[in-house]
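**Q** The structure follows.
The values are calculated or read from the model by the stated rules, or taken from the named source; none is laboratory data. Just so it is clear, the structure is predicted and the values come from calculations on it, not from any experiment. Note that each Cβ is placed from the backbone with ideal geometry, even for glycine, and that neighbours are counted across all protein chains shown. Note: accessible area is taken over every heavy atom of the protein model, side chains too, but ligands, DNA and RNA are not part of it. Shrake-Rupley method; radii C 1.70, N 1.55, O 1.52, S 1.80 Å.
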Amino acid sequence: MESIFHEKQEGSLCAQHCLNNLLQGEYFSPVELSSIAHQLDEEERMRMAEGGVTSEDYRTFLQQPSGNMDDSGFFSIQVISNALKVWGLELILFNSPEYQRLGIDPINERSFICNYKEHWFTVRKLGKQWFNLNSLLTGPELISDTYLALFLAQLQQEGYSIFVVKGDLPDCEADQLLQMIRVQQMQRPKLIGEELAQLKEQRVQKTDLERVSEANDGSAILDEDEEDLQRALALSRQQIDMEDEEADLRRAIQLSMQGGSRNISQDTPQTSSTHLTSEELRKRREAYFEKQQQQQQQQQEDPPGQLSHPCETPTTSSGAVGSDLGDAMSEEDMLQAAVTMSLETVKNNFKTEGKK
């Protein structure tokens, strides 16, 4: 299939593509076909001038555009026919009564030129197989021998004009190669418009996939950011919880210490609901001294051997000093007992919390 020459459609140069695909090479250009068209226009003008250059028909002919070519690149059947005459080839209308009376089987011909609404294309036999060389296709289309007659009949039904190419076509590499081998076509070629539409659709789908992929990448980044944020929040909550636990522990110790102080105040009648200050202790000692002095005076007034307070032992000035030291020791012992009791209360509270 690669050895088959196949010009694809460019602009409206289907007549040029039709001729080159038929001859299997770049034999004609738009310039050469335009030259043939101008030559045909001049021949027609000369025939019209024979009736008189002043006639109405001649003036009308001059005002009309060329019937052999136009600016789009279209060329008439006369241009194609004259171009083939250079190679000794002739065109015969396939569906004309004259040709149909010949009763020639299409499979025995060598090539056909088809036209519909200013579009030209070639169907040619290369080697032992038929190919549709339409320039609107993406490549040559293989046509089986059994399908050829049906294919031509379908074209006629669609309004195509079909011309049989008579004469010996120039030799070409594809014809020589396909004389020795037969090709198989697994997939029929598409029309160029269909291929362009499919390529466009594929580009759109690719763009959509890229957008989806970008969106997924963006969401993945967002997911990663969200995960980082969640981890940061979790660590923050753990830190707050630890701080709260430490605060709770400090409050528990403080409450335990307060509870220990309350227990000491309840067990020790010498203290009030609050801790004794140094001033209060001094006043307590002074009151005690005064009481001792009153007891000594009472002993002096009472008879010997009688004591108003047998439970109390008389003291002297030296005994007052000893009492002062005893009070001082009692104060230290009291403070030490309070600290010990507070610590035991804290331990008991921790043990109770641990059991809970």
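**Q** Along Cα→Cβ, 7 Å out, is where each label goes; now give me the distance between the ones at E26 and S161 in nm to one decimal.
**A** 3.0 nm
**Q** With the crude spin-label approximation of a point 7 Å out along Cα→Cβ, what separation in nm comes out for D228 versus Q293?
**A** 8.3 nm
**Q** Given 0.36 nm per residue, what is the gain on full extension from Q187 to Q64 after removing their alpha carbon distance, in nm?
**A** 39.6 nm
**Q** How much accessible area does K190 have with a 1.4 Å probe, in Å² rounded to the nearest 10?
**A** So the heavy atoms of K190 present about 70 Å² to solvent.
**Q** Which three semi-axes in whole Å describe the equivalent ellipsoid of region 71-206, each the square root of 5 times a Cα gyration tensor eigenvalue, listed largest first?
**A** Square roots of five times the eigenvalues give 27, 20, 16 Å.
**Q** Sorted by average packing, counted as other Cβ atoms within 10 angstrom per residue and highest first, what order do 162-168, 133-139 take?
**A** So the peptides 162-168, 133-139, ranked by packing, come out 133-139, 162-168.
**Q** Which of the residue pairs K85/K190; K85/K166; K8/K117 have a Cα-Cα distance greater than 22 Å in the structure shown?
**A** K85/K190
**Q** Compute the length gained on full extension between V53 and I107: take 0.36 nm times their separation in residues and subtract their Cα-Cα distance, giving the result in nm to one decimal.
**A** Result: 14.5 nm gained on full extension.
**Q** First obtain the Kirkwood hydrodynamic radius of region 13-116 from its Cα pairs, then insert it into the Stokes-Einstein equation at 20 °C and 1.002 mPa s, and state the resulting D in µm² per second as a whole number.
**A** Rounded to a whole number, D works out at 136 µm²/s.
**Q** If you roll a 1.4 Å probe over the heavy atoms of the protein chains, what accessible area per residue do you get for region 1-127, in Å²?
**A** 54 Å²
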